[in-house]
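The values are calculated or read from the model by the stated rules, or taken from the named source; none is laboratory data. Computed from a predicted model, the values in this text were never measured in an experiment. Methodologically, a virtual Cβ is constructed for each residue, glycine included, from the backbone with ideal geometry; neighbour enumeration extends over all protein chains shown. With ligands, DNA and RNA removed, areas are computed over all heavy atoms of the protein, side chains included. Shrake-Rupley method; radii C 1.70, N 1.55, O 1.52, S 1.80 Å.
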Amino acid sequence: MQQEEERLQPVLSAAVRERPLRDRVGVTILANQATGDILAAIREAEQAGVQQVWVGDMGWANYADTLTIFAAAATQTERIRLGTSIVAAYPRHPLVMARQTLALHDLAPGRVRLGIGPGGRAVIEDWHGLSQTAPRSYLKEYVEVLRGLLWEGATSYQGRFFKGMFPSTRTVRVPLLISALGAKGFRLAGEIADGALSYLCPVPYLQQIALPALRAGAEAKSRPVPPIAAHLLVALSTNEATVLASARQQIYFVAQSFEQYARLFAQIGWPEAVNGDEAQLDVLARSIVISGDEASICSRVRELVTSGLDELQLQLLPIANEARERKQLLQLIGSLEA
């Protein structure tokens, strides 16, 4: 019981940096596949020695729900941490999210990390038909209500978006992480969250803009600095031209699909990436993708976690043989220093 309680305490940036390398590197598993395949991938990751998996909620009607998948994964695994990166807040009331989180905790005590975010405007408004106004303010209130429910047992809240008495008789200190992209998002993570989750952010941007904003937010609220878990792509290939071509497609898709990424890339000096400019996309790709042979990738991973990035979420960028490369990536992460 004591060990379980210790695992449920919020993890701080300084504490994360004391952990072994393998404990700081997780793998991202895409949710755009059948439930059985996702469960098999989670089991395979645990068997390879991976300590953390991250799965996002795609939000599409034909893709399974991540929290439901994790409930099944919890009964099929023993130790691997299960993190959502992310579940969109708008479609789920915080009371519903709290109840789902309690169920997950009961199945996998101390292994759940709940990453939430507002979700892209297109996802929320076009797909779900919901109005997304002031997403940062909405997320702030959402986390405050959710933390009250999970950490304090009950909460009375009077805000712009949430009002009322939200009852609960149990407390479970499941870490609450939030998605962040712009500097204001990272500052908010420092103010209210147990971690910041990035997605396809260039490493220099994370080091020079995101981390100072995260620390400033924590300092403003007299909180310890929470960790950042940086999402990066990994290509197990030494063919740079092929890697860049594949990465360009993914980054261009994101820039075209989500206006916040178009704004970010423009703000950091690459405005034509959204229009498909290959030179600018290549610059972004080189700062988002880790590539090379296994030794080169391991070396780069060590370098990144000593440069201020507390944790890494590594997503495979398939090049030649996706199944083989996925197995290589899991084995690589599982063989890092324990």
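Per-structure values
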{"quantity": "Probe 1.4 Å, all protein chains present, accessible-area order of Asp57, Asp293, Asp194, largest first", "calculated": "Asp293, Asp57, Asp194"}
{"quantity": "Relative packing of 106-112, 322-328, which averages over residues the other C-beta atoms within 10 Å, highest first", "calculated": "106-112, 322-328"}
{"quantity": "[x] 8; [y] 20; [z] 11, with the label sought being that of the calculated percent of Cα pairs over 39 Å apart", "calculated": "[x]"}
{"quantity": "27 Å Cα-Cα reach of Lys163 towards lysines, excluding residues that sit fewer than 8 places from it in its own chain", "calculated": "Lys140, Lys184, Lys221"}
{"quantity": "Accessible area of the chain divided out per residue, in Å², using a probe of 1.4 angstrom", "calculated": "43"}
{"quantity": "The chain - share of DSSP beta bridges that are antiparallel (%, nearest 5)", "calculated": "10"}
{"quantity": "The chain, accessible surface, carbon-and-sulfur percent (1.4 angstrom probe)", "calculated": "49"}
{"quantity": "Neighbour cut-off at most 16 other Cβ (10 Å), DSSP loop, chymotrypsin sites (Phe, Trp or Tyr not before Pro), the range 22-108", "calculated": "Trp60"}
